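J.: Have a look at the structure that comes next, please.
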Ligand SMILES: [Zn+2]
Ligand SMILES: [Zn+2]
């Protein structure tokens with residue numbers, strides 16, 4: 001599914017595997033990046049969808065992981081070995097990925113275990129910027145759902161696109177969620193005034209008003 005001229009939905013329950021959270025592809029000048037990786041059950045279909053979107057999987061420079069949860073990250077190792085990309089995550093969630101912690105990554109909820117996954121680029125602090133083709137992709141620490149949750153933004157067709165994969169939560173003690181942080185992160189996302197929201201489980205919201213209402217509904 002095409003969202004803008006250079007952003008595509010390439011993975012999700014209907015696109016790759018019933019357990020997968022959404023996987024988004026960003027392309028720019030022959031380079032590409034992915035946001036999240038699904039569980040790993042649908043990796044072949046994700047790669048096929050990337051090719052159908054007109055991109056070469058080997059052009060994927062970065063796989064940005066919005067947080068450590070299994071439905072977003074179980075496929076990360078497989079995608080890296082197929083594409084040669086570098087895996088990027090916030091350092092506060094990277095530790096659970098590298099340890100293969102099946103509780104904090106919620107893999108146990110899927111009756112699966114988290115394969116230890118080395119994170120190539122660990123973001124520390126509040127913000128980092130990555131260049132993909134001629135596009136800047138901003139990576140922002142947005143904790144609450146998990147300690148190292150992150151959201152990303154990119155401009156496309158003159159619009160600000162926000163990748164806020166688990167905007168909706170949930171908050172759970174075993175996931176080390178923190179309500180205060182979560183609310184602050186929602187406020188931060190509102191302050192960006194995005195035109196399009198690409199969510200991990202609730203689809204794509206287009207239009208500043210619709211995006212704002214969706215985010216506000218969790219405050
Ligand atoms: Zn999650
Ligand atoms: Zn999720």
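J.: Residue 177: under 16 Å from the mean Cα position of the chain (by Cα), within 15 Å of ligand 1 (Cβ to nearest atom) and closer than 29 Å to residue 103 by Cα, yes or no?
T.: No, not satisfied.
J.: Moving to a separate point now. If I filter region 32-44 for residues that are in contact (Cβ under 8 Å) with a residue 40 or more places away in the chain, touching a helix residue (DSSP H, G or I) at 6+ places or on another chain (Cβ under 8 Å), away from ligand 2 (no atom under 16 Å from the Cβ) and not in a loop (DSSP other than H, G, I, E, B), do I get at least one hit?
T.: Yes: one or more hits.
J.: So how many residues does region 64-94 have that are away from ligand 2 (no atom under 16 Å from the Cβ) and in contact (Cβ under 8 Å) with a residue 12 or more places away in the chain?
T.: Qualifying residue count for the region: 14.
A quick yes/no check of all residues on (1) closer than 21 Å to residue 71 by Cβ; (2) modelled with pLDDT under 95; (3) within 16 Å of ligand 1 (Cβ to nearest atom); (4) buried (at least 16 other Cβ atoms within 10 Å of the Cβ):
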residue	(1), (2), (3), (4)
101	yes, no, yes, yes
106	yes, no, yes, yes
113	yes, no, no, no
116	yes, no, no, no
126	no, no, no, no
132	no, no, no, yes
139	yes, no, no, yes
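J.: Looking at region 54-99, what helices (runs of 4 or more DSSP H) fall wholly within it and have at least 2 residues that are modelled with pLDDT of 95 or more and surrounded by fewer than 23 Cβ atoms within 10 Å (Cβ to Cβ)?
T.: Answer list for region 54-99: 76-83, 91-99.
The values are calculated or read from the model by the stated rules, or taken from the named source; none is laboratory data. Predicted model, so just to flag it, every value in this text is computed and none were measured. In this analysis, Cβ positions are derived from the backbone assuming ideal geometry, glycine residues included, and neighbour counts consider all displayed protein chains.
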